[in-house]
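Laboratory data are not the source of any read-out in this text; all were calculated from the coordinates shown. These figures come from a predicted structure and were not determined experimentally. Neighbour counts are summed over all protein chains in view; Cβ atoms, including those assigned to glycine, are modelled from backbone coordinates with ideal geometry.
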Amino acid sequence: MKAYERVAAARANNRFTALDLIGRVFTHFMEMRGDRRFGDDKAIVAGIAYLNMTPVTVIGIEKGHDVKERSMRNFGSAHPEGYRKALRQMKLAEKFKRPVVCFVDTSGAYCGIGAEERGQGQAIAENLVEMSGLKTPIISIIIGEGGSGGALALSVANEVWMLENSIYSVISPEGCASILWKDSSKAREASECLKLTAEDLSELGIIEKIIPEEPSELINNIKTELTKAIKKYSAMPLEELTEHRYKRFRNIGEDLIR
Amino acid sequence: MKPVDALMIFKKPKNPLEGHGKIIPNEMSAELTVTCPQCKKTLSPDELVIRLQICPYCRHHFKMNARQRIHMIADPESFIEHDTALEPRNVLGFPGYDKKLKAAQLQSKERDSVVCGECTIGKLPTELFIMEPNFMMGSMGRVAGEKITRTFERAIERGTPVIGFALSGGARMQEGMISLMQMAKTSGAIKKHNDAGLLYVCILTDPTTGGVTASFAMEADIILAEPGALIGFAGPRVIEQTIRKSLPPGFQRSEFQLEHGFVDNIVNRKHQRKYLYGLLQFHRGGGA
């Protein structure tokens with residue numbers, strides 16, 4: 001499949017969302033809301049759930065389904081309070097020794113007046129720092145769109161996986177095309193240049209795993225892989241676990257440095 | 001030396017460049033005159049170099065190249081540059097990137113968008129990273145991320161503070177996801193530096209946006225800004241396109257960020273050396 005077809009698939013209106021997956025992969029999901037500072041950002045859902053019998057903290061960026069829900073979720077573009085809500089839940093996960101699972105699906109962190117006034121950049125930056133040292137396992141899965149910093153803010157994990165038809169990119173293909181060729185309709189060409197598909201990113205060593213998407217297998221695939229990974233990382237001494245996460249990002253592209 | 005006495009040594013030279021050897025000209029010296037974008041007065045480029053790229057009429061801070069900043073901040077002859085050999089490469093085979101890199105290197109006379117090294121300020125040691133406006137407006141790719149990460153790692157090893165000058169349009173699109181990963185990489189190194197009890201000061205200069213704002217620029221213990229600098233996550237044009245409204249004047253400028261609690265202070269370029277020295281002095285033993 002061509003890169004732009006992946007982009008279209010990742011954005012498709014009828015694609016499953018984070019909550020769809022959360023409800024099927026986990027049981028007894030209990031949503032916890034608010035960042036205790038400003039408000040409750042509905043673009044991000046967070047809470048606790050069971051993976052088989054193991055309690056985990058689950059965080060997802062939710063786009064919503066119908067028009068009404070999508071607008072309530074701000075189309076999955078989070079404000080700073082969304083990232084701060086996620087961080088609050090991660091801190092609780094650390095306290096209660098629960099692994100963290102993130103489902104990422106966003107075209108990007110929201111670009112607006114309120115978002116800037118409340119420190120969008122600072123909120124993302126804080127997550128990067130705190131996640132880098134969080135003393136509990138983190139697994140992040142890009143399930144649809146992995147839009148730049150807004151996606152990275154939930155993806156400083158021990159392992160980052162991508163669903164087969166998801167994308168992860170430093171800039172939207174449209175944004176890239178409009179900068180490169182002053183023509184946002186050349187998004188198809190830009191998609192190829194950006195190397196944003198799961199295959200490309202696996203090859204570049206940016207992600208660990210590609211999860212196949214056949215509808216009958218998807219949930220089982222995620223469940224099996226998560227169970228294995230959580231077992232592996234929960235057995236690691238905490239020091240080693242955070243060092244593993246640090247090295248994961250420290251070493252990306254290191255082979256490219258002479 | 002008492003702290004007050006120590007501060008006195010910076011009172012002496014009227015011009016902080018005085019006694020710093022030869023003045024490094026800014027790229028604008030090629031022009032005969034420069035018009036201040038704020039007050040529209042005509043200025044001479046040579047005068048601007050002496051005046052630290054500050055407009056004498058309205059205090060507008062022009063962009064300053066990395067070498068001139070080092071000159072302004074560091075004790076004379078104290079700067080030792082590190083990781084000079086790291087060279088950017090077009091790993092993704094991105095169209096036009098090779099040409100763009102060559103042009104940027106020619107324009108800035110730097111290999112990539114950040115200059116890193118160690119120096120002393122008033123004899124107190126610190127690591128420095130300074131981003132370069134003439135190199136693709138400080139765009140952050142693999143080399144910039146690696147150099148900044150190494151700066152923090154060196155500081156941890158030596159138990160020294162880090163002073164950074166942020167200036168960037170954001171992550172470098174032409175390096176794709178490898179450039180986005182630099183945000184996480186630098187953040188991890190900053191976390192380790194922080195856990196070692198060491199001081200990190202970042203000065204945000206015009207412009208500081210995108211992936212740099214959303215990572216190391218906003219992660220310092222003390223965040224300062226130059227007057228009137230554009231500081232934000234999304235650029236104003238992108239925001240206007242998203243909300244389909246024009247933005248109020250002063251939006252995302254340093255003064256706005258100070259008002260909203262995201263920077264500790266706004267420091268005029270003329271006072272930065274003394275200000276930084278004061279901070280290093282305060283944190284001696286705890287990082288300096």
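Structure notes:
- Projecting the Cα atoms of A:101, A:115, B:144 onto the dipole axis of the protein assembly as shown, where Lys and Arg carry +1 and Asp and Glu carry -1 at the beta carbon, places A:115 farthest toward the positive end.
- 3J(HN,Hα) along the range A:47-62, derived from phi through the Karplus expression 6.51 cos²θ - 1.76 cosθ + 1.60 where θ = phi - 60°, amounts to x, 10, 7, 9, 9, 6, 10, 8, x, 9, 9, 10, 10, x, 9, 10 Hz, with x in place of Gly and Pro.
- Chain A: DSSP helices with Cα axial extent of at least 27 Å and average Kyte-Doolittle hydropathy no lower than 1.6: none
- Sparsely packed loop sites in the range B:231-285 (the trypsin sites (Lys or Arg not before Pro) outside DSSP H, G, I, E and B with at most 12 other Cβ atoms within 10 Å) comprise B:244, B:245, B:284.
- With neighbours defined as other Cβ atoms within 10 Å of a residue's Cβ, the residues B:115, B:267 order from fewest to most as B:267, B:115.
- Restriction of the chymotrypsin sites (Phe, Trp or Tyr not before Pro) in the range A:156-186 to DSSP coil positions whose beta-carbon has at most 16 other beta-carbons within 10 angstrom yields A:181.
- Computed over chain B with a Gaussian network model linking Cα atoms closer than 10 Å, the most mobile of B:196, B:217, B:229 is B:196.
- Chain B: C-alpha gyration tensor shape, a/c 1.5 cut-off, then a/b vs b/c: rounded
- Antiparallel bridges, percent of DSSP beta bridges restricted to chain A (to nearest 5): 40 percent
- Average other protein chain Cβ within 10 Å of Cβ, residues B:209-222: 5
- Computed from the Cβ-Cβ distance with R0 of 35 Å, the FRET efficiency linking residue B:75 to residue B:44 stands at 0.75.
- Choice from A:33, A:24, A:11 with maximal GNM fluctuation in chain A (Cα, 10 Å cutoff): A:24
- The ranking of A:50, A:83 by Cβ neighbour count inside 10 Å, starting from the fewest, reads A:50, A:83.
- When the square roots of the Cα gyration tensor eigenvalues are ordered a ≥ b ≥ c, the ratio a/c for the protein assembly as shown is 1.5 or more and a/b exceeds b/c, which makes its shape prolate.
- Annotation for residue A:97 and residue B:89: the two label points, set 7 Å from Cα along the Cα-Cβ direction, are 4.5 nm apart.
- Taking every DSSP beta bridge that has both ends in the protein assembly as shown, the antiparallel portion is near 40%.
- Shape of chain A, Cα gyration tensor, a/c cut at 1.5: rounded
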